[in-house]
Each structure stands twice: as structure tokens, then as C-alpha cells.
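Below: one structure, written as C-alpha cells.
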Amino acid sequence: MNIAILGYGVVGSGVAQLLTENGASYAQRSTQPAMQLKHILDKRSFPGDEHETIITSEFGVILNDPSVGIVAECMGGATFAYDCVLACLQAGKSVVTSNKELVAAKGYELMQAAKANNANFLFEASVAGGIPVIRPLSQCLAANHICEVAGILNGTTNFILTRMIEDGTAFADALAQAQELGYAEADPTADVEGHDACRKLCILATLAYGKHVYPEQVHTEGITKITAEDVEYAAAFKHNIKLLGRAQQLDDGRISLVVAPMLVPRSHMIAHVKDVYNAVLIRGDAVGDVMFHGRGAGSMPTASAVVADIIDCAKHCERRRVFDWLPNDPAFVAPANEECVRLYVRASGDAALPSAETIAQSNGEVVFITSRGKYGETIAKLAAFDVKTVLRVAEFEAC
Ligand code: HSE
């Protein structure tokens, strides 16, 4: 079985390395056909690289090679990558991808194309890097009603927040370190503004609730406005600030979707997930809480998930691995201002909401956590304050 990789960047190079180093042993462990890396697509040249001779800048070389049965898309983006993936599926080649932007924006269409052409379209690496969560959510936990999926879904921002909390590192310095380590997106705005976590939440919510969810439907905030003062006040309230993605099913059946920095109580495991690690909490009515933890970004952890999908395709070249869901339903997603939540508020002055449960004051600032209420209604009550920061407080009630 011949393999091609699209993109020889952080993830693609890790996939090539893993296939080269461990490829022979995969075939020894099962009856699957032996796998051979035959082409790598990249517009750049890599003189002296061990894979130099198989790098091509022509996608047609891969598309028109009938010996290539599995293509690993590791380029990112949802335009050229979409055209390539669609063309491969229409040619009957199976595709695996680490590209969350592509799956969140075009996953429904691409899954339909895979079905129509009896090919596989797998995307374990698109959420939480090396953590296995796509199959556990859609297969192992399929018997449950999923009341919530919540998690730290972006390694770069978790790395930045950890460095800010533990060492007092400045935001820009922590981001530069994350870029050097290969965690950040090509444009790190996608990380720090929450777009990357949003795309991953869309994929998880789609699988948990069975209808495609698009990034435009998710209320998304990043971490760029978090200050050292907020980190310290959160600590005084025994919370850590984490960028969380949350999908919750409401009593009326709709789902609530939010990506935002939140205060997470230190009594919960998620508050202690550090550095590039991600965590995904899945709450099912039968199983209870299940939490997955591991490296959420980086070359080899992500390659681990991509190559696992390649192996799955190789083992199932005669039949489909079925991931399936319904198209988008706009009415299925509740407006963000209906979310029922407590809010952390930092404001100038010495007043506080009458309903506030906890109050701290210093340096001419008032800091408090509101009672639980609809997000939009509580925000309206804050109109009289000179508010500097508002953050949600994450609570994890039993399903
Ligand atoms: N930029 C992403 C992150 C890479 O930091 O989590 C993995 O999807």
C-alpha cells in the first residue's frame, strides 16, 4: 500500500519520520499490507533531506498515481487542501487529515464524497493532537447521551497561560517559545484568538450530537486580553484561567457552544492541565465523566494520530470506517447570551452587583463572581460598571 503526504511542515515531516522509523513493524503486528511512503507534496525544496527524492511540487503526480491508496493531508487551510482532499476521495483514495480547519468547515461534504467513492476519510489528528478522542467519542461512548464535551483544545494557548501563571512570563515571550516548539499555527492569531479551539470544538460537537456544527455558530473569545492581575485574582478565588471549549446540551435539546478563557476551579483536574497538554472531558449519562489527557500539539504527537489513521485505512482498504452525521441545522445551536453561567468581573470602583457571591477589593478595583444567570442578562446588569474583564466561571455539575 503506497502512501503520499501532502505538506512537509511540522506535522507532515513527523508523519514521514514515523512511517520511516516504525513502518516495518506495523506490518509485522497484523495482516495489513506493508506500507511504503512514495510521494511528499511541498512547494519548497529540501536539499539534503532524507526524503528529498520523493518530494514533488506537483499534486497531479500523487492524484494520478494509481498505486497511491492513502493520502495524508497535513497542509492546513481549507481551500487548496479542500480541492486536493476532494480530488483524492473522488479518485477512490482514502484520506486522513490533521487539518481541523478543513474538517470543521468542509467535513460534511468530504464525508459524503468519501461515502460516494467507497473511500475512507479519517481525522483523529484534527482534535487534541496525539490524544485519541474522535473514536472514543463516536464509537466507544456511542451508547451514551452526551450532556457535555469540554476541554483544553489548544496547546499553544495552554502553554502561554501556564508560563504566565507559573513564571510570570510575558505573553509575547511565551508565544515566541510556543512557535519555536512547533505548537502554534502558521498564523498564531488562530491560536490566541480561539479560532483553532473553536474548530476542534465544532468537530467534537458534531460527533457528540450528530449534526454538523460550523465555527461561525460558536461564540469564540481568545486569551489576548487576559492580564497578570486576572491570573492573580483567579488564584485568590482558588481558580486557574484556562481557554476552554464547551459544548453542552440544554434541556430543550439545543446545544450551547462557547470557546473562551474561563476560571476553572482548582478542585477540578482540568485546572491542572499544563503546558502543551490538552484535556477533553466527555460527560455521558451512562458512563459518567471520562477525561482524556495528552500532548495536544507538536510534530510527533500529531503524527502519532495521523499514522494511526493511515494504519486503519490500510487495514480497511476493502471497506469503509464509518463516521457519519447529519447536515447543519441552524436552530440546533442556542444563542450564546442564553448560556447559564456565573461570571468573574473586574471593574474600577468599589461597587458590586447585589447578587455577587464573592467579593475582593484592592487598588481601586472591585473583583467579584456573580450568581448564576443568563449570560446576556448578567452582562446587561454590568452596564453601570467600568468593567475591565469579564470571564465565565466553569462549573461541572453532574449530568
Ligand atoms: N496550534 C495547535 C495547538 C496545533 O496549539 O493546539 C494542534 O492542533
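Residues S94, S30, S57, ordered by accessible area of protein heavy atoms at a 1.4 angstrom probe radius and largest first, appear as S57, S30, S94.
Ranking C317, C74 from most to least accessible surface, computed with a 1.4 Å probe over the protein chains only, gives C317, C74.
Quotient of the Cα radius of gyration of the range 302-389 and 2.2 N^0.38 Å, N being its number of residues: 1.97.
Hull volume per residue, based on the alpha-carbon atoms of the range 296-339 and their convex hull, is 124 Å³. Potential lengthening of the chain between L382 and H272 amounts to 36.6 nm, from the contour at 0.36 nm per residue minus the alpha-carbon distance.
For the chain, averaging the sequence separation of C-alpha pairs within contact (under 8 Å, six or more residues apart) and dividing by the residue count gives a relative contact order of 18 percent. Between Q112 and E216, the distance separating the two model label sites (each 7 Å from Cα on the Cα→Cβ line) works out to 1.7 nm. Remark on the range 1-90: hydrodynamic radius 13.5 angstrom, per the Kirkwood mean of 1/r across alpha carbon pairs.
Here I359 sits with roughly 100 square angstrom of accessible surface, probe radius 1.4 Å. Between I379, I165, I282, the GNM of the chain built on Cα springs shorter than 10 angstrom shows I379 fluctuating the most.
Annotation note: trypsin sites (Lys or Arg not before Pro) in the range 1-70 located in DSSP loop regions with a Cβ neighbour count of at most 12 within 10 Å are K43, R44. Modelled spin labels at F46 and S25, positioned 7 Å past Cα toward Cβ, are 2.2 nm from each other. Using the 1.4 Å probe convention, the accessible area of the range 1-138 works out to 39 Å² per residue with neighbouring protein chains retained. Radius of gyration (Cα atoms) of the range 257-343, expressed as a multiple of 2.2 N^0.38 Å: 1.49. Note on A331 and S371: the model spin-label points, each 7 Å out from Cα along the C-beta direction, lie 3.3 nm apart. In this structure, E58 and A360 have a Cβ-Cβ separation that, at R0 = 45 Å, corresponds to a calculated FRET efficiency of about 0.15. Of all lysines in the structure, those lying under 16 Å Cα to Cα from K388, and not within fewer than 8 positions of it along the same chain, are K225. In the chain, excluding the sites themselves, the longest stretch lacking any of the GluC sites (Glu not before Pro) that are in a DSSP loop with at most 13 other Cβ atoms within 10 Å is 59-317. In this structure S348 has an accessible area near 40 Å², from a 1.4 Å probe over the protein heavy atoms.
Highest GNM mean-square fluctuation among V341, V306, V133, for the chain modelled with Cα contacts below 10 Å: V341. Given +1 at the Cβ of Lys and Arg, -1 at the Cβ of Asp and Glu and no other charges, the dipole of the chain around its Cα centre is 840 debye to the nearest 20. I'd like the distance between the alpha-carbon centres of the range 370-399 and the range 251-303, rounded to an integer number of Å. Each part reduced to its Cα centre gives a spacing of 21 Å.
By DSSP, the beta bridges lying fully in the chain are antiparallel in about 65 percent of cases. For the range 202-280, the Kirkwood hydrodynamic radius comes to 14.1 Å, computed from all pairs of different C-alpha atoms. Reported to the nearest whole Å, the Cα centre-to-centre distance from the range 187-219 to the range 45-108 is 22. For K211, the lysines whose Cα comes closer than 18 Å to its Cα, not counting residues fewer than 8 places off in the same chain, are K100, K106, K115, K200. Within the chain, all pairs of alpha-carbon atoms sorted by distance into 10 Å bins from zero give the percentages 5, 23, 30, 23, 12, 5, 2, 0. GNM remark for the chain: springs join alpha carbons under 10 Å apart, and the peak mean-square fluctuation among L37, L263, L201 falls on L37.
The values are calculated or read from the model by the stated rules, or taken from the named source; none is laboratory data. Here the structure is a predicted model, which means the values were calculated and not measured. Ideal geometry is used to build each Cβ from the backbone, glycine not excepted, and the neighbour counts take in all protein chains shown. The protein model used for the area step is the full one, side chains on, heavy atoms only, and it has no ligands, DNA or RNA in it. Shrake-Rupley method; radii C 1.70, N 1.55, O 1.52, S 1.80 Å.
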